[in-house]
1. Select from GLY147, LEU208, ALA60 the residue farthest towards the positive end of the dipole of the chain; place +1 on Cβ of Lys and Arg, -1 on Cβ of Asp and Glu, and compute about the Cα centre.
2. Around LYS44, what is the net charge, scoring Lys/Arg as +1 and Asp/Glu as -1 over all other residues with Cβ under 15 Å from its Cβ?
3. Note down the Stokes-Einstein diffusion coefficient of region 109-199 in µm²/s, whole number, using a Kirkwood radius over alpha carbon pairs, 25 °C, and 0.890 mPa s.
4. Over every pair of different alpha-carbon atoms in region 247-360, take the mean of 1/r and invert it; report that Kirkwood radius in Å.
5. Determine Rg/Rh for region 139-178; Rg is computed over alpha-carbon atoms and Rh is the Kirkwood hydrodynamic estimate from the same atoms.
6. So what is the diffusion coefficient of region 1-96 in µm² per second by Stokes-Einstein at 37 °C and 0.692 mPa s, using a Kirkwood Rh over Cα pairs?
7. Considering amide H positions built from the backbone, and no H for Pro or chain starts, which residues 5 or more places from ILE236, or on another chain, come under 5 Å of its amide H?
8. Using amide H atoms built 1.01 Å from N in the peptide plane, name the residues 5+ places from ALA53, or on other chains, whose amide H lies under 5 Å from its own.
Amino acid sequence: MKIIHCSDLHLDSRMETNLDSEKARQRREELFASYEGMVDYAEKEGARAILIAGDMFDRAHLRRAVRNRVLEPMESHPDIDFFYLRGNHDNSDFLAGLDEEEIPANLKIFTDKGWRSYEYGDLVISGAELSAENVRSMPARLELDPGKINIVMLHGQTQDYQGTNPAEEVLLPAYRGKGIDYLALGHIHSFRQGQLDERGIYCYSGCLEGRGFDECGPKGFVLIEISDGKLTSDFIPFARRQLHEIVVELAPEDSMLQVMSKSDRALRNIPEKDLVKLVFTGHISMDLELDTDRVLRRFVSRFFFIKAVDQTRTQIDFESYLNDRTIKGEFVRLMRKSDLSEEDKERVTRLGMKALIGEELEE
């Protein structure tokens, strides 16, 4: 028996943080296409179920067209059961207002009222929605048959999660020794798997498509296979586009030609369909005017999207300006005598030198 575990689809995300309106629209469409493609993949693999561990949507108000786009693959694949529980971004009940006959029979949902379980012979799939009121009581309320293969679904963060969108905490220690073979989790947007106890594992499938540069790397879902009483799982990369953060370290001796050459080498193996954030680091000469726009003009037509971020620091040789009778020399001598920290001296000196040569200040 095969099962797909996915989460954090965030369908209908605006996608406009980095992209213009046309490319944002294209990426929104690609989110739906990846969801539909995953369902087709499940059919080809003969998967019996798809587990959606929260955050299927991204907006507080769900458009009817979005709801229909989600339900249509369920209706057209009646031999696949869809298990869904809401995450912290799923602020509305997407089935609200539908008559019972309008809800696909193969859609299995969970609530925050308690555990629900669905049996498939020796396999049991259980799940619940976590809330501030039940998060601590749910582990004790979970009763599983250790003679069965048990998959449990939850949406929430682990204790070590450092993300900016907090969700209820999945208290991993409290779920140990409960007879769980596979704890299917949602909320963390990168694939992560670990040992829950001697018997089972916990797994974050990650999001299906990366949306911002805090979601770089391969994205996809997990394919679970149960055979001869044993459960195995494999991460399946499936995203149409991948996001990359590429660091290019510069040195004081680098000219703009060398900057361009280093950038070209760093980007050589990145697929053209992907999205790139080019980050310049290291120390540069005060005489180098790092022209990120020039870099972007070189590569903008190569990738679906590219941006450049200047995180370099200026290497300042104070000694070389001690006897320089220019305004630059006087300014650097003044800064050398200041009580600022070395970091602040560097930052202020860099800004001052930019002003002296008539360059636009961006910091």
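1. Positive-most Cα among the choices belongs to LEU208.
2. Counting the neighbours of LYS44, the net charge comes to -4.
3. Calculated translational D: 180 µm²/s.
4. Across region 247-360, the inverse of the average 1/r is 15.6 Å.
5. 1.04
6. Working: Rh = 13.9 Å.
After rounding, the answer is 235 µm²/s.
7. Placed amide hydrogens put PHE221, VAL222, LEU223 under 5 Å from ILE236.
8. Amide H neighbours of ALA53: CYS6, SER7, ASP8.
The values are calculated or read from the model by the stated rules, or taken from the named source; none is laboratory data. Values in this document were obtained by computation on a predicted structure and should not be read as measured data. Please note: Cβ atoms are built from the backbone with ideal geometry, for glycine as well, and neighbour counts cover all protein chains shown. The protein model used for the area step is the full one, side chains on, heavy atoms only, and it has no ligands, DNA or RNA in it. Shrake-Rupley method; radii C 1.70, N 1.55, O 1.52, S 1.80 Å.
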